[in-house]
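Trainee: Quick one: structure below, then a few questions.
Coordinate-derived values only; no laboratory data. Given the structure is predicted, the values throughout are model-derived calculations rather than measurements. Methodologically, a virtual Cβ is constructed for each residue, glycine included, from the backbone with ideal geometry; neighbour enumeration extends over all protein chains shown.
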Amino acid sequence: MSDTRKPWNSPMPAPQFDLMRRILSAPSPVGLEAAMTYGVLKPHFESFAPAGWQLRQFMGHAGVVLDTHPGRDDLFKVMIIGHADKIRMQVRSIGEDGKIWINTDSFLPGVLIGHEVTLFSEDPEAPGSYRRIEGGTVEALGAIHFSDMAQRSGEKGIKKEQIYLDLQIHGENKKQQVENLGVRPGDSIILDRAIRHGFSPDTFYGAYLDNGLGCFVTAEVARLIAEAGGTEQVRVLFAIASYEEIGRLGSRVLAGELRPDAIIAVDVNHDYTAAPGIGDRRMQPLEMGKGFTLSVGAIASEQLNRIIETTAREQGIPVQRDIVGPDTGTDGMAGVLAAVDCVATSIGFPIRNMHTISETGYTRDVLAAIHAITHTVQALDALSDPHREFRDNHPRLDQAGPLVHQGADKPEPADT
């Protein structure tokens with residue numbers, strides 16, 4: 001039976017799921033993130049932020065930061081980062097037959113075929129004003145009848161140069177019909193699928209869990225901290241970054257501008273157990289349904305990880321260790337990229353089918369991340385001197401004690 005005092009052991013409440021859906025549904029392709037940051041997250045932040053908190057906006061991109069103690073550079077600053085940008089397709093050229101040839105960005109070409117999309121076209125007569133075209137599908141081969149045997153058998157794949165958007169254009173002057181719409185090279189295209197509840201309990205699926213989920217978690221941590229009365233020794237910067245999908249450039253700006261002492265990136269991770277065809281890679285068996293993930297390696301701070309892992313254990317929040325090697329692959333690298341001295345790590349949740357129209361997640365993993373980060377912020381706030389804690393307590397492997405063989409007995413299962 002679920003413990004209602006531990007939200008990560010219960011289904012996500014409907015209003016919370018609706019907020020997650022609204023954040024994930026916001027059309028925010030790379031470079032055009034304001035639909036999520038200004039359209040959904042900014043008013044949400046403003047709905048619960050205490051009077052002394054401040055929302056910061058930026059000129060070069062549509063990132064936002066909710067600051068609990070503006071101007072208090074003497075406090076220990078913790079930046080929690082999700083990124084609002086979604087991978088996109090982009091108009092490359094328009095063919096004489098009305099086909100709109102597109103770049104596929106970070107998608108595998110084969111996962112796009114047949115899916116509905118929305119094209120956002122900037123009005124040539126009113127720069128800065130956008131129109132929406134719905135009803136088009138992404139295509140490449142047209143029909144199996146036009147494919148050679150190697151493509152029919154799967155031995156031969158689809159090249160990205162073959163991908164086009166079909167608006168069902170017919171009749172005379174097909175290219176002109178498209179141009180008359182104002183469609184131009186550079187216009188953005190995103191997949192059109194809303195988030196839905198999945199078949200299995202507490203699951204959900206749809207496009208762009210990467211990384212509206214990280215933004216949702218960041219926003220929910222902010223709300224919980226506000227409802228708990230805020231913090232005293234820790235200045236929390238709830239950051240929604242941009243440009244992560246093209247090199248983590250937005251979070252680098254945020255870290256460079258605000259110079260946090262600690263960074264916790266929040267981003268999707270992989271369900272390696274369910275991923276097909278990677279068994280010989282011997283990946284860490286991260287699995288949807290078994291809790292949030294915590295990055296180990298690269299620039300991940302062992303001190304910060306210790307506090308997160310200890311806090312999660314004390315609260316009974318399930319956590320999985322994620323081995324990241326030389327690069328977290330997330331905004332956890334923001335401090336390094338901005339040359340800012342800070343401790344950093346990355347927290348995530350295993351999902352399936354990343355960078356497809358059917359990304360799949362588990363609400364309890366997301367809730368586990370929300371509450372693990374919330375309790376971590378509160379644990380940092382309870383330290384007598386957070387700055388000294390991290391300066392003075394770097395792990396010393398020269399002080400490691402000996403470990404001897406522990407036998408073959410399996411530990412008793414924990415009570416659930």
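Trainee: List Glu232, Glu359, Glu122, Glu257 from most exposed to least, where exposure is judged by having the fewest other Cβ atoms within 10 Å.
Mentor: Glu232, Glu257, Glu122, Glu359
Trainee: Oh, and also: For a label point 7 Å from the Cα of Asn393 along Cα→C-beta, name the residues of the range 275-311 whose backbone N is under 13 Å from it.
Mentor: It comes to 302-311, nothing else.
Trainee: If you rank Met149, Met89 by fewest surrounding Cβ atoms within 10 Å, what's the result?
Mentor: Met149, Met89
Trainee: Counting only Cα atoms, I'd like the Rg/Rh figure for the range 89-191, Kirkwood definition for Rh.
Mentor: In the range 89-191, Rg relative to Rh is 1.00.
Trainee: Output the relative contact order of the chain, whole-number percent, from Cα pairs under 8 angstrom with separation of 6+ residues.
Mentor: Rounded, it is 20 percent for the chain.
Trainee: Let me ask something else. Which residue, Pro260, Pro15, Pro285, has the most motion in a Gaussian network model of the chain that connects Cα atoms within less than 10 Å?
Mentor: Pro15
Trainee: Just for the chain, what percent of DSSP beta bridges are antiparallel, to the closest 5?
Mentor: 60
Trainee: Separate question: Using 28 Å as the Cα-Cα cut-off, could you pick out the over-long pairs in Lys86/Lys290; Lys42/Lys99; Lys42/Lys86; Lys77/Lys290; Lys99/Lys156?
Mentor: Lys42/Lys99; Lys77/Lys290
Trainee: Another question, if that's okay. Specify the longest stretch of the chain that does not include any exposed loop site, a site being one of the trypsin sites (Lys or Arg not before Pro) with a non-H, G, I, E, B DSSP assignment and at most 14 other Cβ atoms within 10 Å.
Mentor: Between the exposed loop sites, the longest stretch runs 160-281.
Trainee: Regarding the range 281-340, what's the average projected area of the Cα-atom convex hull, expressed in nm²?
Mentor: 4.9
Trainee: Mean projection of the alpha-carbon convex hull of the chain over all orientations, in nm²?
Mentor: If I average the Cα hull's projected area over directions, I get 24.9 nm².
Trainee: Around Glu33, which amide H atoms from residues at least 5 apart in sequence, or from another chain, sit under 5 Å from its own amide H, with H modelled in the peptide plane?
Mentor: Ala62
Trainee: If the label point is 7 Å along Cα→Cβ of Arg72, which residues in the range 232-253 have backbone nitrogen under 12 Å from it?
Mentor: 232-237
Trainee: Once fully extended, how much extra length lies between Arg281 and Ser147, figured as 0.36 nm per residue of separation less the alpha-carbon to alpha-carbon distance?
Mentor: That pair, Arg281 and Ser147, stretches by 45.0 nm at full extension.
Trainee: Separate question: Applying the Karplus parametrisation 6.51 cos²θ - 1.76 cosθ + 1.60 with θ = phi - 60° to the phi angles of the range 290-296, what ³J(HN,Hα) value in whole Hz is obtained for each residue in order, glycine and proline being reported as x?
Mentor: For the range 290-296, the Karplus-derived couplings read 10, x, 6, 10, 10, 6, 10 Hz, x marking Gly and Pro.
Trainee: Further question: Can you list residues from other chains, or at least 5 along the same chain, whose modelled amide H is less than 5 Å from the amide H of Phe292?
Mentor: When sequence neighbours closer than 5 places are left aside, the close amide H contacts are Gln320, Ala369.
Trainee: How long is the gain from Arg196 to Ser129 if the chain were fully straight, where each residue apart is worth 0.36 nm and the alpha carbon distance is subtracted?
Mentor: Once the chain is fully extended between Arg196 and Ser129, it gains 21.1 nm.
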